[in-house]
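The values are calculated or read from the model by the stated rules, or taken from the named source; none is laboratory data. Bear in mind that the values here come from a model prediction, so they are computed numbers and not experimental data. A quick note on method: Cβ atoms are made from the backbone with ideal geometry, for glycine too, and the neighbour counts reach across all protein chains shown. SASA here: full protein model, heavy atoms, side chains in, ligands and nucleic acids out. Shrake-Rupley method; radii C 1.70, N 1.55, O 1.52, S 1.80 Å.
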Protein chains: 4
Amino acid sequence: MTITHDTRDDQAGRARVRDDDTLRRYYDELAAVETGALWTVANDIEPWEPHALSIPTIWRWKDIRPLALRSLDLVTPEQSGRRVVFLRNPKRHDVSAVCGLLFSGIQAMRPGERTSAHRHAASALRFIMEGAGAYTIVDGHRVNLSARDFVLTPNGTWHDHGVDEDGETSLWQDGLDIPLTNALEANDYEVHPDIYQTASKPVDDSPDLFGSPGLFPATHRWDRPYSPLFRYRWDQTYEALNKAAESGGETTHDGVYMRFCNPYSGGHVMSTMGASAQMLRPGELTSAHRHTGNVVYQVVKGAGHSVIAGARFDWEEKDIFCVPSWAWHEHGNASDTEDACLFSFNDFPVIEKLSFWQEQAYAENGGHQVVES
Amino acid sequence: MTITHDTRDDQAGRARVRDDDTLRRYYDELAAVETGALWTVANDIEPWEPHALSIPTIWRWKDIRPLALRSLDLVTPEQSGRRVVFLRNPKRHDVSAVCGLLFSGIQAMRPGERTSAHRHAASALRFIMEGAGAYTIVDGHRVNLSARDFVLTPNGTWHDHGVDEDGETSLWQDGLDIPLTNALEANDYEVHPDIYQTASKPVDDSPDLFGSPGLFPATHRWDRPYSPLFRYRWDQTYEALNKAAESGGETTHDGVYMRFCNPYSGGHVMSTMGASAQMLRPGELTSAHRHTGNVVYQVVKGAGHSVIAGARFDWEEKDIFCVPSWAWHEHGNASDTEDACLFSFNDFPVIEKLSFWQEQAYAENGGHQVVES
Amino acid sequence: MTITHDTRDDQAGRARVRDDDTLRRYYDELAAVETGALWTVANDIEPWEPHALSIPTIWRWKDIRPLALRSLDLVTPEQSGRRVVFLRNPKRHDVSAVCGLLFSGIQAMRPGERTSAHRHAASALRFIMEGAGAYTIVDGHRVNLSARDFVLTPNGTWHDHGVDEDGETSLWQDGLDIPLTNALEANDYEVHPDIYQTASKPVDDSPDLFGSPGLFPATHRWDRPYSPLFRYRWDQTYEALNKAAESGGETTHDGVYMRFCNPYSGGHVMSTMGASAQMLRPGELTSAHRHTGNVVYQVVKGAGHSVIAGARFDWEEKDIFCVPSWAWHEHGNASDTEDACLFSFNDFPVIEKLSFWQEQAYAENGGHQVVES
Amino acid sequence: MTITHDTRDDQAGRARVRDDDTLRRYYDELAAVETGALWTVANDIEPWEPHALSIPTIWRWKDIRPLALRSLDLVTPEQSGRRVVFLRNPKRHDVSAVCGLLFSGIQAMRPGERTSAHRHAASALRFIMEGAGAYTIVDGHRVNLSARDFVLTPNGTWHDHGVDEDGETSLWQDGLDIPLTNALEANDYEVHPDIYQTASKPVDDSPDLFGSPGLFPATHRWDRPYSPLFRYRWDQTYEALNKAAESGGETTHDGVYMRFCNPYSGGHVMSTMGASAQMLRPGELTSAHRHTGNVVYQVVKGAGHSVIAGARFDWEEKDIFCVPSWAWHEHGNASDTEDACLFSFNDFPVIEKLSFWQEQAYAENGGHQVVES
């Protein structure tokens, strides 16, 4: 529902009680038995519109890359569990969230290193930023990680990461729903009994079996709430964006916009997090909209800018920025000759399953926000 | 997964970095660009087991009834929006939650009173405690409310409440998912343009059309994520419990245990909250278990006790108590001759849809907790 | 899609080849290698509209009741398997179908008799017409059968029937999908290893557990493609029709019209057959429509008539009649003071799952067919 | 359920009535009111095992290719609707079926020809056998057809076919569910109002948008019961088979076996028909099984044999053969150095949705049938 209605708190239907001594004494009595008067908090907990706790923020690769690399010398994977620099939304230090109830970090590994294997109720994804020879093992399935690949380590799966001896120092973005699992009091953690797991299947059997277009292993049965395809190769994703660009795949608010899907169901890749790849064609400027749900973007290719809640954020390759719930946003490609591509992950599966999805197009000013200052 | 594994934080696979001056300087540099080192927070945000933020609490009817009735003289529905005394979990004052991300309050209305109509992304339910002549209008469907009836006002529906002129002062428990909708930054609020809505359908058409066993209007189409049955009558619920008691409907952990369902799908009644009715037969003591998800209980009939996380809570009719996520709990009927009945609502739809459900039986001591102190 | 288009076979897009000697020789050559020319059969196998193989037919209770009772003296259940007089559509003697690919028969049993237990891929339902003390056992669950009850014995379940020693001679209608299972080459048959099965659960545990409005056993898991509720009591069904009549449950084409549903899913009661109960209020005459799918009606209460494909069929209590696929039909109650009720079963689950559902209202003549002759 | 039980018709639980004059007179009386005695037909319509109406048959390309080409000179598309030689199962001349309730034909078109556009409740698929420059238009989406591509024209979609002026004479196999739609009395037919439809979208926009692995247009909504991907390219299919062969995609009964799927749901490509591609690796001989459901195979690559219901059928490229419901079958590759590939289509969606699926492995003789004669 578009918010066009009267939003003054002094109208009938809102809490408009004026406190006095009698009431204050009453509130004390209520507090004594762990109760309260709804009208003292109602207007706060029932806001007129979705109210984001995070703010739009950008993390520039030129700032965070050196810090992530520095961690290589400061701690070992063995000491730290994983060598990760996480992105903290300025307003969500309390829950170590990047935006909404999502977590994001930059993980760094050297050739020959390996993290211990573990599992947890939280779901995780990776987007490979730099390096070579990295891999992830998910429940015994090893997938190799090339730059710009998108990789899953879903809820409850044993997983560990490594870089082959002959590989290169690797950096990738981790995306997790840890703040969500904690808000829902559901997270847990278990270290693999053997510390490291062994790949028990042919390397990349997951993309080999599930990564073909419109084909599924005929007798395969799958009862997990996530995709059996654990690796989405960037070369295929970029080709898909280009083909869609030629065949009517453009959208009003997001350029050419493809959702990573679970080939078994067509749905989101994991139970709590979705992910997308999008292309802004040369010179493209999308029109603004807003929606519930939170999005963390990484610039895969090119340069451009986004206007988020009235503020302009210019971005370059590998920069990471976020769009909080219900913030107006639009994206522009800085180049008139090259495309620009964004990877993003989000909490849309949560928002959709719980029936909280709302979306609204920016109607005024030709669909473009007025940038403040 | 049952938690039987090693949970020491000094083992491989956990963050075990010892801070020093170099690291502290590094942390400062990280903070300057809104980042942090995961290993400084990892063991906190990745707990070994689901970690509840709320604590087990009981609200005794003898304490809160007089306070709820007092509100009748202190504020009007017109001033307060709704005249509700809400139950605050001692550990969740920050979000006005009763348990987990659930809200609960006691609403009081006098004969002839009426609240203004509104709608919001939050879902609401009512369990009628006292009175006569109360009613709710949901999107134009009026349902009458008798004592112990369970009533829905789902996500996005226009709703208002009233008590007929010839009725009696009425009290009911409201259950909502307001803290959840705010944690997910999705709540909103709209006052009905006419302040009050008019019942446009025959009274109780919802239970008349959808409240028959195994029958559904043949040509009815329904695309909403909640039940078209808005009223579940207590007389039918109690009869269902009694029939189930005679036909194998008992469970290990919850006595005779029936879930309120959406007759259109067999699923939970609303998108984010479920509800159940259960009967402890004369002399029954259930064995303990724990699970993710939060539950708020109201005693409908009889007396008994629950042991929650090792503490005993004795309860009587209309008392309200909560069981937080992952707390061990078991229930006992105080009477050897009468049954005891509990109504409860929960966040199980959220937990289940997001794949966070875990459950564990208490294996030791014959399935019964040792009560502390 | 409504059929309003040109349906002449001499138009472009239809097969219009005129045979000659060359072609006839060609056809012989094709036949020699088990092939044929599509254009010689195309207009037949691709009809302009859905083409029913059955014709509208009524079986009058006054005719078939004595014949069904006579079988009691002529054969035993032990010899005959089951003592059933089946209804043969005049045009479907080849597959022993009553209408479409449905089967219907009248089964007769004496007090103290019992059929042997068996199971098959075919699904079965019963509608009780006369008698007392009858029962069915379905996979160990015994359900008692009162007059006008509707009972399931689904696909693959062990089932047998009997009448208690102190009961009365009982007659019921059997409805099965045998012609469908044979057309799909899927039927099978197995005699229970013990000939008779023993009821292993409390009598009527199925309706006791699953037959309450809006309530489902909370921890029950069900993975079968049919309803766990095996008995739908007539008293509850009739009450549901009356309540719906007062609350907006009327339809244009079928009076007050309720579908029996699987309480676990809200869907049809079995994988291949659905069933409904409907009430024509005093003086009611519905307007005509047609749809794909076949329906077999039994008159439960009252008297009236139906106009089917332009022919009028007057009916009384316990008469059985059928409406084939795509036949126009409308129903009228003969009484201005009493309601008339029909039970019906159908193949709608098949038609719907395979995306073959089409429906069309009769637009002319105020919605009423002109009765021929 | 495996059929290992006693299947003699003289046992208790089967119809064993011996006819006599009294009964014969009774049967006459029954027939007079369009009824019959179930025990006279019960053992026929309730067979012990699924009973196929079709028989295993092979159509050799060397026989049917010349006949299909001859049709080019004998009739025009304009006269014939479509120029199709259909494959008649020797036992299903009555319904023009190739196997079960499936239809198959070989369609021939010359460069520059075009069929008129139409739509029907029946679903259709194509597998391209020879030629170049062919295309199909489906609801305005043109897809180009290369040899060995698999193409959909689903239930209710407008479709027509053509070969570009600069193309080559083209042959393809049509697979339809026409006998099923007629058995269910649901088929219909409509000629496009403009005779020919115009491609309104970019050529191949369907595979461009929906034919990428694990990616779906992010804002696309789809409510049809069939795949939005209308063309499955052979080069991608063959690559998928090869990748699966290296990654554990082999099965016991079907070699490397991939199912064409609807990327929107992961399910079958259309509501009533599924399709698969399989590879027999060099020297591979599968072990036998049987199942409900009918399959029509086309040899895409290589040579080999199948043993079906005890008879051996040797096959070469482009031969077509069928396996009826419940017939034992196993496949062997004739080459020790080259792979052999089969395309097949089936009625599995029908069998699965209606809960009729049964499958059984051949346990004796090392899993291989003894070939008769």
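Evaluating residue A:53 against the criteria (1) assigned to a loop (DSSP other than H, G, I, E, B); (2) facing chain B (nearest Cβ under 7 Å); (3) within 27 Å of residue A:193 (Cβ to Cβ); (4) not charged (D, E, K, R) leaves one unmet condition, (3). Here C:152, C:180 are screened, and the one residue that is crowded, with 22+ Cβ neighbours inside 10 Å and part of a strand (DSSP E or B) is C:152. From the list D:335, D:325, D:306, D:276, the one residue that fits, being away from every other protein chain (no Cβ under 14 Å) and open to solvent by less than 20 Å² (accessible area, probe 1.4 Å), is D:306.
For residue A:39, the test of being part of a loop (DSSP other than H, G, I, E, B) and either within 7 Å of another protein chain (Cβ to nearest Cβ) or buried (at least 22 other Cβ atoms within 10 Å of the Cβ) (or both) is failed.
Residues in segment C:84-135 that are open to solvent by less than 10 Å² (accessible area, probe 1.4 Å) and of a type in the set (Phe, Trp, Tyr) were compared, and the one that is farthest from residue C:230 (Cα to Cα) is C:86.
Apart from one condition, residue A:167 fits all of (1) farther than 30 Å from residue D:231 by Cβ; (2) in contact with a Pro (Cβ under 6 Å, 6 or more places away or on another chain); (3) buried (at least 22 other Cβ atoms within 10 Å of the Cβ); the exception is (3). Annotation: of all residues in segment D:177-197 being of a type outside the set (A, V, I, L, M, F, W, C) and free of Cβ contacts under 8 Å to residues at least 60 places away in the same chain, the one that is farthest from the other protein chains (Cβ to nearest Cβ) is D:193. With respect to the stated conditions, residue B:94 is closer than 21 Å to residue B:296 by Cα and assigned to a helix (DSSP H, G or I). The residues in segment A:42-81 that are closer than 18 Å to residue B:18 by Cβ and either open to solvent by 30 Å² or more (accessible area, probe 1.4 Å) or under 19 Å from the mean Cα position of the chain (by Cα) (or both) can be counted, and the count is 6. Looking only at segment B:1-36, which residues are open to solvent by 20 Å² or more (accessible area, probe 1.4 Å) and among the hydrophobic types (A, V, I, L, M, F, W, C)? Of everything in segment B:1-36, those that are open to solvent by 20 Å² or more (accessible area, probe 1.4 Å) and among the hydrophobic types (A, V, I, L, M, F, W, C) turn out to be B:1, B:3, B:12, B:17, B:31, B:32, B:33. For residues that are assigned to a loop (DSSP other than H, G, I, E, B) and among the polar types (S, T, N, Q), scanning just segment C:1-36, find the one that is modelled with the highest pLDDT. Among those that are assigned to a loop (DSSP other than H, G, I, E, B) and among the polar types (S, T, N, Q), it is C:11. Taking residues in segment C:360-373 that are closer than 17 Å to residue C:326 by Cβ, and partners anywhere that are among the aromatic types (Phe, Trp, Tyr) and surrounded by 10 or more Cβ atoms within 10 Å (Cβ to Cβ), the pairs with Cβ atoms closer than 6 Å and at least 6 places apart or on different chains are C:362/C:328; C:369/C:328.
Condition test on residue D:264, is it farther than 30 Å from residue C:351 by Cβ and aromatic (Phe, Trp, Tyr)? Spell out how you get there, then give the answer.
Numbers: farther than 30 Å from residue C:351 by Cβ: no; aromatic (Phe, Trp, Tyr): yes.
No.
Of A:319, A:254, A:314, all but one fail to be among the charged types (D, E, K, R), within 13 Å of chain B (Cβ to nearest Cβ) and over 24 Å from residue A:224 (Cα atoms); the exception is A:319. Residues that are closer than 19 Å to residue C:81 by Cβ and touching a residue at least 12 places away in the same chain (Cβ under 8 Å): does segment D:83-96 have at least one? Checked segment D:83-96: no residue is closer than 19 Å to residue C:81 by Cβ and touching a residue at least 12 places away in the same chain (Cβ under 8 Å).
For residue B:191, the stated conditions hold: it is among the aliphatic types (A, V, I, L, M), open to solvent by less than 30 Å² (accessible area, probe 1.4 Å) and closer than 28 Å to residue A:10 by Cβ. The single condition among (1) more than 8 Å from chain C (Cβ to nearest Cβ); (2) in a loop (DSSP other than H, G, I, E, B) that residue D:89 does not meet is (1). Within segment D:277-293, track down each residue that is among the hydrophobic types (A, V, I, L, M, F, W, C) and more than 24 Å from residue D:128 (Cβ to Cβ). Across segment D:277-293, the qualifying residues are D:285, D:288. The set of residues from segment D:343-371 being open to solvent by 70 Å² or more (accessible area, probe 1.4 Å), under 28 Å from residue C:273 (Cβ atoms) and not in a helix (DSSP H, G or I) comprises D:357, D:359. A residue that is closer than 22 Å to residue C:183 by Cβ and touching a residue at least 60 places away in the same chain (Cβ under 8 Å) can be found somewhere in segment C:38-50.
Answer with yes or no whether residue D:269 is open to solvent by 40 Å² or more (accessible area, probe 1.4 Å), touching a residue at least 12 places away in the same chain (Cβ under 8 Å) and of a type outside the set (Lys, Arg). Talk me through it step by step, then tell me what you get.
On the way: open to solvent by 40 Å² or more (accessible area, probe 1.4 Å): no; touching a residue at least 12 places away in the same chain (Cβ under 8 Å): yes; of a type outside the set (Lys, Arg): yes.
Considered against the rule, which asks whether it is open to solvent by 40 Å² or more (accessible area, probe 1.4 Å), touching a residue at least 12 places away in the same chain (Cβ under 8 Å) and of a type outside the set (Lys, Arg), residue D:269 comes out as no.
Given the residues B:30, B:67, which is the only one that is without any contact (Cβ under 8 Å) to a residue 12 or more places away in the chain and at the interface with another protein chain (Cβ under 7 Å from one of its Cβ atoms)? Spell out how you get there, then give the answer.
Working: B:67 fails: without any contact (Cβ under 8 Å) to a residue 12 or more places away in the chain.
Checking each option against the conditions leaves just B:30.
Only one entry in D:221, D:290, D:231, D:259 is within 23 Å of the chain's Cα centre (by Cα), more than 30 Å from residue D:308 (Cβ to Cβ) and among the charged types (D, E, K, R), namely D:231.
Across segment A:203-248, what is the number of residues that are open to solvent by less than 10 Å² (accessible area, probe 1.4 Å), over 20 Å from residue D:266 (Cβ atoms) and either within 8 Å of chain D (Cβ to nearest Cβ) or among the small types (Gly, Ala, Ser) (or both)? Qualifying residue count for the region: 2.
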